[in-house]
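As C-alpha cells, the structure follows; a few thoughts come after it.
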Amino acid sequence: MDNCSSAKVPMAFGYKISVDPPRESVDHKLYRGMIGSLMYLTTSRPDIVFATGLCARYQADPKACHLTAVKHIFRYLKVSKALGLWYPAGNDFSLQAFTDADHAGCRLDRKVLQVAINF
C-alpha cells in the first residue's frame, strides 16, 4: 500500500459495515494480522479506535468489504503520521479524556460501549 491514495478520516461518516454474507471471503490470516497491527497502534492513536474496533468484529469471517474498510484506515494513517499520543518517561504524567458517547449508535446489536482507562 505504499503507492495508495490517502484518506482524510479513518472511516467515512455514515459508512455502514455489516456481516455481508453474499460477498467473497478474504484470507483470514491476512485480515487478522492487519487488525492486530491496528489494535497495537490504538494505544498511541485514539483517533482510529472506533474504526478499528468496528472492523475487528468481523475477524471470524471477513469479507471483501471488511478488508476495504481496514485498508481505508491504513490510507488514513499514511497522511496522519504526525498525530498521536506520546507518553513521557517521567512520573508527572497527567491525562484528561473527554468523550461524546452514543450508546445506541451500533445498529447491529445496540450494545453499550464501556471504556476503562487506568494509569
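The values are calculated or read from the model by the stated rules, or taken from the named source; none is laboratory data. If you're wondering where the values come from, they're calculated on a predicted model, not measured in any experiment. When we count neighbours, we look across all protein chains shown, and the Cβ atoms used for this are built from the backbone with ideal geometry, even at glycine. To get the accessible areas, we keep the full protein, side chains included, count just its heavy atoms, and leave off ligands, DNA and RNA. Shrake-Rupley method; radii C 1.70, N 1.55, O 1.52, S 1.80 Å.
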Exercise. For residue 10, are the conditions met, namely being within 11 Å of the chain's Cα centre (by Cα), at pLDDT below 90 and not small (Gly, Ala, Ser)?
Worked result: yes
Exercise. Among 58, 87, 40, which is touching a helix residue (DSSP H, G or I) at 6+ places or on another chain (Cβ under 7 Å) and either among the hydroxyl-bearing types (Ser, Thr, Tyr) or modelled with pLDDT under 80 (or both)?
Worked result: 58
For this session: Give just the number: which of (1) assigned to a loop (DSSP other than H, G, I, E, B); (2) surrounded by 12 or more Cβ atoms within 10 Å (Cβ to Cβ); (3) more than 14 Å from the chain's Cα centre (by Cα) does residue 89 not satisfy?
Result: (2)
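Select, from 93, 74, the only residue that is among the aromatic types (Phe, Trp, Tyr) and at pLDDT below 90. Please lay out each step first, then the result.
Numbers: 74 fails: at pLDDT below 90.
Result: 93 is the single residue among 93, 74 that is among the aromatic types (Phe, Trp, Tyr) and at pLDDT below 90.
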Seminar exercise, completed: Contact list, first residue from the range 66-90 and under 25 Å from residue 17 (Cβ atoms), second anywhere and open to solvent by 20 Å² or more (accessible area, probe 1.4 Å) and of a type in the set (S, T, N, Q), beta-carbon distance below 6 Å, six or more apart or interchain, is 75/6; 78/6; 79/6; 84/44
Seminar exercise, completed: Given the conditions (1) open to solvent by 70 Å² or more (accessible area, probe 1.4 Å); (2) modelled with pLDDT under 70, every one holds for residue 79 apart from (2)
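How many residues, within the range 9-47, are assigned to a loop (DSSP other than H, G, I, E, B) and more than 23 Å from residue 86 (Cβ to Cβ)?
16
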